[in-house]
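Report on one structure; see the data block that follows.
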Amino acid sequence: MNPNHLAPVVEKTEFRNAMSRLGAAVNIITTEGPAGRAGFTASAVCSVTDSPPTLLVCLNRSASVWPVFAENRQLCVNTLAAGHETLSNLFGGKTPMAERFIAAEWSTAVTGSPVLSGAVASFDCRISQIVSVGTHDILFCEVLALVRNDDTHGLAWFDRSYHPLMRQEAC
Ligand SMILES: NC(=O)c1ccc[n+]([C@@H]2O[C@H](COP(=O)([O-])OP(=O)(O)OC[C@H]3O[C@@H](n4cnc5c(N)ncnc54)[C@H](O)[C@@H]3O)[C@@H](O)[C@H]2O)c1
Ligand SMILES: Cc1cc2c(cc1C)N(C[C@H](O)[C@H](O)[C@H](O)COP(=O)(O)O)c1[nH]c(=O)[nH]c(=O)c1N2
């Protein structure tokens, strides 16, 4: 049967309940540019291709930060480490922008976007393409520069809470 003929039967709540079972890294996505500075927490981030190095970020168009990202067209994906739970909540709520940034230390990436000190990894990117699906924009991001931190443990968002991810000791 052609799946296009099937009526949608999955409720939003059912979808979210099932999605809460997909563990994901937690990231603070930052930008700085002509439209100003902004940042938000995102778990909807994944690798697309390594040629050219590209990842994607899904951003709700109703978020207050959306116009800033849409105009700046550059961003940094800062993948959070264990211990960043409070910071993640700060960037995931309705906190005023200045209060979000004052809670951590930042440096500046090639694009000018804020790089979080102590992040597991930071991917400095230009937005190469934007595709709208439903409520969200999928931001395809070409990676221009990287920072990696091999001394921190990771952080996962699973079942609506944070879980530290311990790094294996080097053999
Ligand atoms: N992709 C997203 O936009 C996304 C992802 C995670 C969390 N959030 C937001 O963070 C808050 C806490 O989330 P939670 O995980 O505790 O509980 P939740 O019940 O709101 O979400 C459960 C899961 O559903 C998915 N999800 C949630 N909102 C979504 C949306 N608008 N579009 C697509 N997928 C969505 C995510 O995978 C999330 O982990 C909520 O306000 C939620 O909307 C948004
Ligand atoms: C753990 C976790 C994960 C996510 C979020 C929240 C939290 C706590 N939020 C919501 C997003 O961070 C929130 O809406 C921002 O604060 C932007 O909202 P305002 O700028 O305040 O409108 C979020 N939003 C989004 O558009 N894409 C995403 O992948 C996620 N993921």
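The values are calculated or read from the model by the stated rules, or taken from the named source; none is laboratory data. What you are looking at is a predicted structure, and each value in this text was computed from that prediction instead of being measured. Don't worry about glycine lacking a Cβ; one is built from the backbone with ideal geometry, like all the others, and counts go over all protein chains shown. Heavy atoms of the whole protein, side chains included, go into the accessibility calculation; ligands, DNA and RNA do not. Shrake-Rupley method; radii C 1.70, N 1.55, O 1.52, S 1.80 Å.
Looking across segment 120-135, the residues that are closer than 28 Å to Thr108 by Cβ and touching a residue at least 12 places away in the same chain (Cβ under 8 Å) come down to Val120, Ala121, Ser122, Phe123, Asp124, Cys125, Arg126, Ile127, Ser128, Ile130. Counting only residues that are within 15 Å of ligand 2 (Cβ to nearest atom) and open to solvent by 50 Å² or more (accessible area, probe 1.4 Å), segment 13-24 holds 6 of them. The residue list Ala109, Ala98, Ala38 contains one member that is within 16 Å of ligand 2 (Cβ to nearest atom) and either of a type in the set (D, E, K, R) or buried (at least 21 other Cβ atoms within 10 Å of the Cβ) (or both), which is Ala38. Among the residues making up segment 27-57, a single one is in contact with a Ser or Thr (Cβ under 9 Å, 6 or more places away or on another chain) and near ligand 1 (Cβ under 9 Å from one of its atoms): Thr41.
Of the numbered criteria (1) of a type in the set (D, E, K, R); (2) under 16 Å from the mean Cα position of the chain (by Cα); (3) away from ligand 1 (no atom under 16 Å from the Cβ), the one Glu99 fails is (2).
Going by the structure shown, is Leu75 part of a strand (DSSP E or B), out of contact with any Gly (no Cβ under 6 Å at 6 or more places or on another chain) and either open to solvent by 30 Å² or more (accessible area, probe 1.4 Å) or within 24 Å of Arg160 (Cα to Cα) (or both)? No: the conditions fail for Leu75.
Scanning segment 118-147 for residues that are away from ligand 2 (no atom under 16 Å from the Cβ) and open to solvent by 60 Å² or more (accessible area, probe 1.4 Å) returns Arg126, Gln129, Leu144, Leu146, Val147. Do you know which residues across segment 44-63 are within 18 Å of Asp137 (Cα to Cα), without any contact (Cβ under 8 Å) to a residue 12 or more places away in the chain and in a loop (DSSP other than H, G, I, E, B)? The answer is none; no residue qualifies.
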